[in-house]
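Asks: After the structure tokens below, expect a handful of questions from me.
Nothing in this text is a laboratory measurement; each read-out follows from the coordinates by a stated rule. Because the structure is predicted, anything quoted here is derived from the model rather than measured. No Cβ is skipped: glycine too gets one built from the backbone with ideal geometry, and neighbour counts run over all protein chains shown.
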Amino acid sequence: MAFYSEERTEDYLFKIVLIGDSAVGKSNLLARFARDEFYPNSKSTIGVEFQTQKMDINGKEVKAQIWDTAGQERFRAVTSAYYRGAVGALLVYDISRRQTFDSISRWLNELHTHSDMNVVTILVGNKSDLKDAREVSTAEGKVLAEAQGLFFIETSALDSSNVATAFQTVVREIYNILSRKVI
Ligand code: GDP
Ligand code: MG
């Protein structure tokens, strides 16, 4: 019988930031991913600063420290401390509100102003459950993501669709980049 437990000596901790307009579902994506909870009323969203989540990537334990704006974005006042040290980002819009999709370029500028250009970023079209209210097509999301070199996914924090995949895509890519550098 072989014991491999001692081989797992590395301890990875990646800072990931959630950004995007107010009410697109950032806090609920984190609540769904970290605690499998959903808050139907925005106001009941608890403003956690960050949540550390253990993840398994290629058999290695990786910790993602996921930061939530906790409402700062309402005042256009996301601080540079929020972005500092981030290696990944989920850039979220609401597929049922075009205005939040139009804001994406502004958020990308902000991200690039405050952090490294190489931050692994996924464009997230949230609220995919709101089919009848859709204002942004899947194709439009894909086109924007490709033009900006971002990953792309549509999610629903309400019905859990693709939520874990969105976070895992970012963390796996960061892990892959890092292991290539180490080797
Ligand atoms: P934040 O301001 O970006 O953090 O957004 P919240 O997480 O507070 O969500 C804003 C509102 O949208 C709340 O009323 C949520 O219940 C709702 N919401 C969030 N995600 C979804 C989703 O995937 N589907 C639907 N239908 N509503 C959502
Ligand atoms: Mg929030």
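Asks: If you average 1/r over every pair of different alpha-carbon atoms in region 98-183 and take one over that average, what Kirkwood value in Å do you get? Walk me through the numbers before you get to the answer.
Replies: Details: mean 1/r = 0.0707 Å⁻¹.
It works out to 14.1 Å.
Asks: Related question: Between Lys131 and Lys54, what FRET efficiency comes out of the Förster formula 1/(1 + (r/R0)^6) with R0 = 22 Å and r the beta carbon distance, rounded to 0.05?
Replies: On the way: r = 33 Å, r/R0 = 1.52.
Here the calculated transfer efficiency is 0.05.
Asks: Kirkwood Rh, Cα Rg: Rg to Rh for the chain? If you can, show how the numbers build up before the last one.
Replies: Working: Rg = 16.5 Å, Rh = 16.8 Å.
Value, to two decimals: 0.98.
Asks: Filter the chain for me: DSSP H helices, axial length by Cα at least 27 angstrom, mean Kyte-Doolittle hydropathy not below 0.0. List them by residue number.
Replies: Details: long enough: 163-182 (29 Å, 0.46).
Going by DSSP H runs, the hits are 163-182.
Asks: Figure the gain on full extension for Glu140 and Arg98 (residue separation times 0.36 nm, minus the Cα-Cα span) and round it to one decimal in nm. Don't skip to the end; give the middle numbers.
Replies: On the way: separation 42, 0.36 × 42 = 15.12 nm, distance 1.08 nm.
Net length gain for the segment: 14.0 nm.
Asks: Given labels modelled 7 Å from the Cα in the Cβ direction, how far is it in nm from Asn176 to Arg74?
Replies: A separation of 3.8 nm, rounded to one decimal place.
Asks: Starting from a Cα-only point model with no solvent, please compute log10 I(q)/I(0) by Debye for region 37-134 at q = 0.13, 0.16, 0.21 1/Å.
Replies: -0.57, -0.86, -1.36
Asks: How many angstrom separate the Cα center of region 64-93 from the Cα center of region 137-183?
Replies: The two parts, judged by their Cα centres, are 17 Å apart.
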